[in-house]
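Read through the structure below, which is laid out as structure tokens, and then see the notes.
The values are calculated or read from the model by the stated rules, or taken from the named source; none is laboratory data. These numbers come from a predicted model, not from an experiment. Virtual Cβ from ideal backbone geometry, glycine too; neighbours counted across all protein chains shown.
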Amino acid sequence: MKTILAPIDFSKVSDPVVKAAVNLAKAVNGRVVLLHIVQPPVITSEYGAVLANIQEIVAISEKTSAAELARRAKRLGASGVPVAVAQATGAAVAGILEQARKSKAAYIVIGSHGHSALYDLLAGSTATGVIRRATCPVLVVPPANTKKKGGK
């Protein structure tokens, strides 16, 4: 059974990512692994939160993430596609690639937020990082088009 890894960040693009992953799983008789990466807050000065507060923030994020993943997996139960969940804490690209390796993913289905090239250059893009380093095919789900047809 082929594994389709679907990293989600619980943003608006997550639902289309899950839908695409389920459709792909149905087409290849596979299973979907929903993955969420909890990213610890970045401290930009020496006056940032103390370490204990950061650990507490991460623990709360992990608990919230686990509950949301479980809720989504339960909702997908009716799709007929086997669904599993995974969670990691750390850098998004590295975590996604590690989970792809662990689960022997045949495909990764990831969302794009549609930021500008300048944003991606300065802040980086998770989708771009995964595409560049993945050892399996990557399907990128674009953000919903907010512009009306005809340029209006």
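Per-residue answers, yes or no, for (1) modelled with pLDDT under 85; (2) surrounded by 10 or more Cβ atoms within 10 Å (Cβ to Cβ); (3) among the β-branched types (V, I, T); (4) within 21 Å of N23 (Cβ to Cβ):
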residue: S112; (1), (2), (3), (4): no, yes, no, yes
residue: V138; (1), (2), (3), (4): no, yes, yes, yes
residue: P142; (1), (2), (3), (4): no, yes, no, yes
residue: T146; (1), (2), (3), (4): yes, no, yes, no
residue: K152; (1), (2), (3), (4): yes, no, no, no
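With respect to R71, determine if the residue is at pLDDT 95 or above and more than 20 Å from F10 (Cβ to Cβ). Quick ask: steps written out before the conclusion?
Values: at pLDDT 95 or above: yes; more than 20 Å from F10 (Cβ to Cβ): no.
Spelling it out, it is not the case that R71 is at pLDDT 95 or above and more than 20 Å from F10 (Cβ to Cβ).
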